Amino acid sequence: MLRVEGLRVEVEGREILHGVSLEVGEGEAHVLLGPNGSGKTSLLMAIMGFPEYRVTDGKVYFREKDITALPVHERANLGIGLSFQRPPTIRGLKTRQLLETISKGRRDPVGLASDLDLKEFLDRDVNYGFSGGEIKRTELLQLLAQDPDLVLIDEPESGVDLENIALIGQAVNRLLKRDISLRERSEHPKKTGLIITHTGYILDYVKADRGHVMVGGRIGCSGNPRELLENVRKHGYEGCIECQRRRS
């Protein structure tokens, strides 16, 4: 579903990503762990095509199609969706209107909002006066309305209390069709996810297939996400990478 090859990315003339390669298979959920400032968000922004994240080398493929030069809206139309870590407030635009636009009238905003306990927010300006948890849930609500095939989620648990983390975990599972049985999942289009996490709390709610650790703009190791998280908690991010290198 997603293949990143040797990606180098600059922001304001400074290289942030130094030859990142990554593959996420169709129907898989991967988590990307790493300390703040390691390049995790820059990777998602480059995959989504934001122009300030300038690709200087490497390629991004979506379903084997080279999308490296495509603008953001074309990537969204192909079936890629992004949840921001810090989304903007949009005065004058109601959440209901945004959902109707995103879904092109195919999804009922009230039904979608009910599951995330956001019905009362539909007629409020997007993110205006929302708490951190409410903003995160609204971001996932927009993704549910879009219904993308590849879901990019930037730190869903950041600044969120335990009650909201549970709701967010449920929403991510819905997005990835992981709230239904394997038999039912085989009858639905396969959804793929790449989730950034600093703390790893989202792994208590979403069963990821594979994990990666990014430090200093490079992916240092990959493997079982729970084992990687345990190593990070024991040894820190640099120690985790050294541990994985010794094992290999």
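Structure notes:
- Taking the fewest neighbouring Cβ atoms within 10 Å as the starting point, the ordered list for ILE165, ILE16 is ILE165, ILE16.
- Fraction of antiparallel bridges per DSSP, region 2-247 only, in percent to nearest 5: 55 percent
- For the set LYS59/LYS207; LYS177/LYS234; LYS190/LYS234; LYS40/LYS136; LYS40/LYS234; LYS136/LYS191, the pairs lying more than 25 angstrom apart at their alpha carbons are LYS59/LYS207; LYS177/LYS234; LYS190/LYS234.
- Loop-resident GluC sites (Glu not before Pro) (DSSP state other than H, G, I, E or B) in region 4-79 with no more than 16 further Cβ atoms inside 10 Å of their Cβ: GLU12, GLU26, GLU52, GLU64.
- Proximal aspartates and glutamates to LYS65, defined as alpha-carbon separation beneath 15 angstrom and excluding residues fewer than eight positions away on the same chain: GLU5, GLU23, GLU26, GLU74, ASP149
- Per-residue ellipticity at 222 nm from helix content only, as computed over the chain with -39500 (n - 2.57) for each DSSP H run of at least four residues, stands at -11000 deg cm²/dmol.
- Rounded if a/c under 1.5, otherwise prolate or oblate - the chain, Cα gyration tensor axes: prolate
- Potential extension, GLU23-ASP209 segment - 0.36 nm per residue separation minus Cα distance: 65.7 nm
- Between ASP115 and ARG226, residue separation times 0.36 nm minus the direct Cα-Cα distance comes to 37.2 nm.
- Fewest-first sequence of ILE168, ILE102 by Cβ atoms within 10 Å of each Cβ: ILE102, ILE168
Computed from the coordinates by the stated procedures, all read-outs in this text should not be read as laboratory data. All values derive from a computational prediction rather than experimental measurement. Please note: Cβ atoms are built from the backbone with ideal geometry, for glycine as well, and neighbour counts cover all protein chains shown.
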